[in-house]
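*Asks:* Right, I'll just put the structure down here and ask away after.
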Amino acid sequence: MACRFRLPAAAVRQLDRLADLCLGTREHDMADAFDRFARTLLEANLAQTPRSVVRRIAHLSEPHRRHMTATDRMVNDRVRWWAAR
């Protein structure tokens, strides 16, 4: 299934901020900026994915949550939130 993805304006701004931060040495700021950018991409991707696909992912991943890392669970929580909308 092919899907088009539109990069949100917020992600473009965050990417510009990341580019600026990568020129410096403030690693904490850079890590926070990467985290915000990744979360923005995740939310945009989920918002643009057909709901039937998001629901299927939520359903298929449910039995595996106990084996997920904290990051995987955070992503799965967002998938489940979008699936329940």
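The values are calculated or read from the model by the stated rules, or taken from the named source; none is laboratory data. This one's a predicted model, so the numbers in the text were calculated from it and none came from an experiment. Counting neighbours? That spans all protein chains shown, and the Cβs are built from the backbone with ideal geometry, glycine included. Surface areas here come from the heavy atoms of the whole protein model, side chains and all, with no ligands, DNA or RNA. Shrake-Rupley method; radii C 1.70, N 1.55, O 1.52, S 1.80 Å.
*Asks:* Out of the total accessible area of the chain (probe 1.4 Å, heavy atoms of protein only), what percent is carbon and sulfur?
*Replies:* Carbon plus sulfur share of accessible area: 56 percent.
*Asks:* When the helices in the chain are scored as -39500 (n - 2.57) per DSSP H run of 4 or longer and the sum is shared across all residues, what 222 nm value do you end up with, to the nearest 500 deg cm²/dmol? Don't jump to the answer; show the numbers that get you there.
*Replies:* Details: 4 runs with 62 residues, N = 85.
That comes out to -24000 deg cm²/dmol.
*Asks:* Around L46, under 10 Å between beta carbons, what's the net of Lys plus Arg minus Asp minus Glu among the other residues? Working shown, then result.
*Replies:* Working: positive: R51, R78, R85; negative: E43.
Neighbour charge sum, excluding L46 itself: +2.
*Asks:* Using 0.36 nm per residue of separation minus the Cα-Cα distance, give me the extension gain between L42 and M68 in nm, one decimal. Show your work: numbers first, answer last.
*Replies:* On the way: separation 26, 0.36 × 26 = 9.36 nm, distance 1.73 nm.
Here the answer is 7.6 nm.
*Asks:* Keeping every protein chain present and rolling a 1.4 Å probe, give me the accessible area per residue for the chain in Å².
*Replies:* 76
*Asks:* Taking 8 Å as the Cα distance limit and 6 or more residues as the minimum spacing, I'd like the relative contact order of the chain as a percentage.
*Replies:* Numbers: 47 pairs, mean separation 25.6, N = 85.
It rounds to 30 percent for the chain.
*Asks:* Could I have the simple spin-label model distance between D20 and R51, label points 7 Å from Cα toward Cβ, reported in nm to one decimal?
*Replies:* It works out to 3.8 nm between the two label points.
*Asks:* Now for a different question. Here are labelled values, [x] 1.27; [y] 1.19; [z] 1.05, and one is the computed Rg/Rh (Cα atoms, Kirkwood Rh) for what I pasted. Which one?
*Replies:* Structure-derived value, by its label: [z].
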